[in-house]
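Undergrad: Take this structure, written in C-alpha cells, and hold onto it; I'll ask about it next.
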Amino acid sequence: MLVLVPDTRGAIPIWLGVFTLAFQLALLGRSRSVPLRGYLAMVVVGTLWAPVIFAVQWVLMAWLGWQSRDVESSVFIAGPTEEPLKLVPLLALLIFARNRARRFGVVDHTLLGAACGAGFGVAENAVRGTVEQGVLPLGFWEAFTDLSEAAAHNYSLFTLFPGWAGDHVVESSGHAVWTGLVAGGIALMVRYRPVLFAPLPMLVLAWVTLDHMAWNDHVSLGTLLPPELGLIHELTGSGMAARPALLVLVLLGVYLDYRVVVHYHSQLPPIPHVGEPPRTVSLAVVSNIVSDLRFQTRTLFRAPPYHPRSMMFVRRRRELAYGIHRAAGRPRRDDPPRGRMWATGSFLHGITAALLVVLFAATFLLPAILVDAGSQAFLAPRLEALADWWHGLDPLEQTLIIGGAAAGLLLIPGVGAWGALGWASLGAGIAASGRDLANAIRTGTPADLAYAATIVALGRFFPPGARVVLPQGFQTLPGNRYRSPSGLIFGPGAREGHRIDHILDHTRPNPSKPNHTVFNVGGDRTRALQIVDQAWSMRNTHGRYLGQRRGNHNFVIDMGTQIGTRGETNVLISTKNDMRTIVTAYPIRRIP
C-alpha cells in the first residue's frame, strides 16, 4: 500500500523504522519467546490505542484552556499522559492473558513494550508522512533512501534503535525506547519481587517522562521546565542515556532469561546434538545461546523447510522454562485452549470498541460543554487536513488503504474479518467526513456535534456530489463527473466532497486560512467555474507550466484582468496525470 499510493510514501521511513527496530531487538534479544508476529500485532494495537491517548490529551487541553501548539501543552500534557498511557495495551495483555504472560521472559516484556511505543510513534509521526508531508521525500526511491521524516527522526538501518531525534544538547530516544525501558522495569519487578525492584518501574517511568518533557521544551524553544527538573535531566544524561540503557537492559534480560533456562535444563526437551551445559552459570548461559544459534543455523542450511520449526522449537523451549520458573512447583497450564484465547481477544475487542465509541462521542460533545469550541478546538484543523488528504486520493488508492488497515487489524486475535473491515471503514468515514466534523466542532451545538458523530459512526465515507447549478456548456459524465467546454474534468474528491465544491470554496473568504484567495465573482458563484474553464483554454498562449508536484501537474495562466478580490490576475490550475482531471484552481497574484 505504501508503495502503490504516492501520498503515503512519506510514511515509509516510519514503517521501515518499525521493522528495523524489530530486527535489532530480535537479533539482540536472543532469549525472547514471543514471535515477531506478536511484536507486529502489538504495534497495530499501539497504533489503534493512540487516538484514545490523543482524546485524553484533548480533554485536558480543553479543560485548561490550552491549544495543541502551545508550549504548555507540549511540555506538561504530552509527556505525563503519553508515557503511562502507552503502557495500557501491555498491561491489558498481562492482566487478561495472565497464563501466557507467566511464560514471558524479561526480553519479552521489553520487546512488547517497545512495540507499544512504536505503534504510538506510527500514529503520531506517520501523519507527518502523509497528511503533513510538505518537507518529506515524495519520490519512489527517495522515500526508501532518505530515512527521515518531518520531525527529523532518524530511522536508518544502521542506527541503534531507530526513531530517535536530537542534537548535541538534548536527545529524544523515541517512543519505542521509552516504553521499552518501562516495560523492562516491569519485567524485573515481576520476576524479582523484593522491595529493591518494586519501585523500579515508577522510577523508570519518571525518568522517561522527564526526558520527554525536556525534549518538547527544547524543540519548542521554551523555558517552562523548572530548573530543578532541568538539573535532574542533565544528570540523567539529557536524553542521551536512554538508548544505551535499553541496550544494556536487553542484554541483561538475555542473561537473566538464559539463567532460568540453565536452571531448569533437566526439565526441558533436549536440543539435538547438544550435550550437558558447563557447571559455571555464566559459561552455561553462553553455551545455551550458542547451542540455540547453532541448531537454527544447521537447519537453515541442511534442512531449510524445517528452519521455521526449529525457531519455534527453541522459542517454545525457553517459554517452557519461564513457565516452570514462575510456577515455582505449583500446577501450571502451558497452552490454553484456542477457543478460550480467541474469546479473550474478542472480549478485549468489545471493551476497546465501547471505550472508543465513548471517547469518540466525548471528543465532539466536550468542546461545547467545557470551552468555546470556536477558539479552543484544536482537533478541527487536523480533521480538515485529513479530509483534504483522503479526498485527494483515487478510489483505488482509498481501497488499498482500507484493505491495508484491515489486514493489519487481522493480526490482533479476536478482531475477525468483519471487525477488521468495520474498523477500517470507520476510519475511512472519519477521514472523508473531516470537514463536516471540523465545522461541527467549531460552530455546532451539542446536538449538531452528536449528529456529526452519528453520521461518521454509520460509515459515511462516500463523498457527496456537486451541489450547484452548472454553467452553460458543462456536460454530465458517468460517476458523478462533469466536463467543461475546454475539456476539464470535475469529479468526486477534495475535502468538500467534490472538485466543483472545492473550487467554489474559493468564492468566499475563509478566516481559518490566511493564504486563502477568493475569485471576484460577486454573488454569482458559478462564474468561478467559467473563469477556470476560460483559463484552461488559454493555457497554451498565456500560461506557464510549473512542473509536477505530488503527482499533480501545475499551470499558471495570466488572465489579463483582475479575477481575485485582492487584485489577483492569474489562475493556478492543478490537474492529475491525465492533464484533464482537475485537482484545484484558485487566484494568485503573480507567477511563482
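Undergrad: Taking 51 Å as R0, compute the FRET efficiency from the Cβ-Cβ separation of H273 and V248 and round it to 0.05. Could you put the intermediate results ahead of the total?
TA: On the way: r = 33 Å, r/R0 = 0.65.
Calculated transfer efficiency: 0.95.
Undergrad: Arrange the peptides 91-102, 303-314, 19-30 so that the one whose residues have, on average, the most other Cβ atoms within 10 Å appears first. Display every interim value, and only then the final one.
TA: Values: 91-102: 16.1, 303-314: 13.7, 19-30: 18.7.
Per-residue mean Cβ counts within 10 Å order the peptides as 19-30, 91-102, 303-314.
Undergrad: While we're here: Please compute the net charge surrounding H263, taking Lys and Arg as +1 and Asp and Glu as -1 over other residues with Cβ under 13 Å from its Cβ. Provide the component values of the computation, followed by the final result.
TA: Values: positive: R191, R259, R279, R318, R326; negative: D257.
Surrounding charge for H263 is +4.
Undergrad: Grab the beta carbon distance between L477 and R589, set R0 = 30 Å, and tell me the FRET efficiency rounded to 0.05. Mind dumping the intermediate values first?
TA: Working: r = 33 Å, r/R0 = 1.12.
For L477 and R589, the calculated efficiency is 0.35.
Undergrad: Compute the FRET efficiency between F158 and V286 as 1/(1 + (r/R0)^6), taking r as their Cβ-Cβ distance and R0 = 30 Å, and round to the nearest 0.05. Each step should come with its number before you reach the end.
TA: On the way: r = 27 Å, r/R0 = 0.89.
After rounding, the FRET efficiency stands at 0.65.
Undergrad: Specify whether the C-alpha gyration tensor of region 542-592 places it in the rounded, prolate or oblate class, a ≥ b ≥ c being the square roots of the eigenvalues: rounded for a/c under 1.5, otherwise prolate if a/b is larger than b/c and oblate if not.
TA: On the way: a/c = 2.35, a/b = 2.07, b/c = 1.13.
Prolate shape, in that a/c is at least 1.5 and a/b is the bigger ratio.
Undergrad: Let me ask another. Give me the one-decimal nm value for the distance between modelled label points at N577 and R193, 7 Å along each residue's Cα-to-Cβ direction.
TA: Calculated label separation equals 6.3 nm.
Undergrad: If you don't mind, another one. Classify region 152-226: rounded, prolate or oblate, from the alpha-carbon gyration tensor (a ≥ b ≥ c, eigenvalue square roots; a/c under 1.5 rounded; otherwise prolate if a/b is larger than b/c)?
TA: Working: a/c = 3.93, a/b = 1.53, b/c = 2.58.
Cα axes put region 152-226 in the oblate bin.
Undergrad: Compute the separation of the alpha-carbon centres of region 206-261 and region 541-591 and state it in Å as a whole number.
TA: Comparing the Cα centres of region 206-261 and region 541-591, I get a distance of 50 Å.
Undergrad: How big is the Kirkwood radius of region 272-322, worked out from every pair of different alpha carbons and given in Å to one decimal? The partial results should precede the final answer.
TA: On the way: mean 1/r = 0.0860 Å⁻¹.
Mean inverse Cα-Cα distance, inverted, gives 11.6 Å.
Undergrad: Still on this structure: On alpha-carbon atoms, Rg over Rh for region 501-557 using Kirkwood Rh?
TA: On the way: Rg = 13.0 Å, Rh = 12.8 Å.
Here the Rg-to-Rh quotient is 1.01.
Undergrad: Give, as a single signed number, the net charge of other residues whose beta carbon lies under 15 Å from the beta carbon of A41, with Lys and Arg counted +1 and Asp and Glu -1.
TA: Details: positive: R32, R37, R100; negative: D108.
Neighbour charge sum, excluding A41 itself: +2.
Undergrad: A follow-up question, please. Report, to one decimal in Å, the Kirkwood hydrodynamic radius for region 208-285 based on all distinct Cα pairs.
TA: Details: mean 1/r = 0.0623 Å⁻¹.
After inverting the mean inverse Cα-Cα distance, the result is 16.0 Å.
Undergrad: Write down the accessible area per residue of region 494-557 in Å², having rolled a 1.4 Å probe over the full set of protein chains.
TA: Details: 3010 Å² over 64 residues.
Solvent-accessible surface per residue comes out at 47 Å².
Undergrad: Of L283, A327, A303, which is farthest on the positive side of the dipole of region 271-331, counting Cα position, with +1 on Lys and Arg Cβ, -1 on Asp and Glu Cβ, and the Cα centre as origin?
TA: Towards the positive end, the residue furthest out is A327.
Undergrad: Once label points are set 7 Å from the Cα along Cα→Cβ at both T223 and A241, what is their separation, rounded to one decimal in nm?
TA: It is 2.6 nm.
Undergrad: If you don't mind, another one. Taking every eigenvalue of the Cα gyration tensor of region 23-82, multiplying by 5 and rooting it, what semi-axes result, largest first, whole Å?
TA: Numbers: eigenvalues 236, 33, 11 Å².
Over the Cα atoms of region 23-82, the ellipsoid semi-axes are 34, 13, 7 Å.
Undergrad: Moving to a separate point now. What ranking, highest mean first, results for peptides 290-298, 108-116, 274-282 when packing means the other Cβ atoms within 10 Å averaged over each residue? Each step should come with its number before you reach the end.
TA: On the way: 290-298: 15.4, 108-116: 29.8, 274-282: 12.0.
Put in order of decreasing packing, that is 108-116, 290-298, 274-282.
The values are calculated or read from the model by the stated rules, or taken from the named source; none is laboratory data. As the structure is a computational prediction, the values presented were derived from the model and not from experiment. Don't worry about glycine lacking a Cβ; one is built from the backbone with ideal geometry, like all the others, and counts go over all protein chains shown. All accessible areas refer to the heavy atoms of the entire protein, side chains included, with ligands and DNA or RNA removed. Shrake-Rupley method; radii C 1.70, N 1.55, O 1.52, S 1.80 Å.
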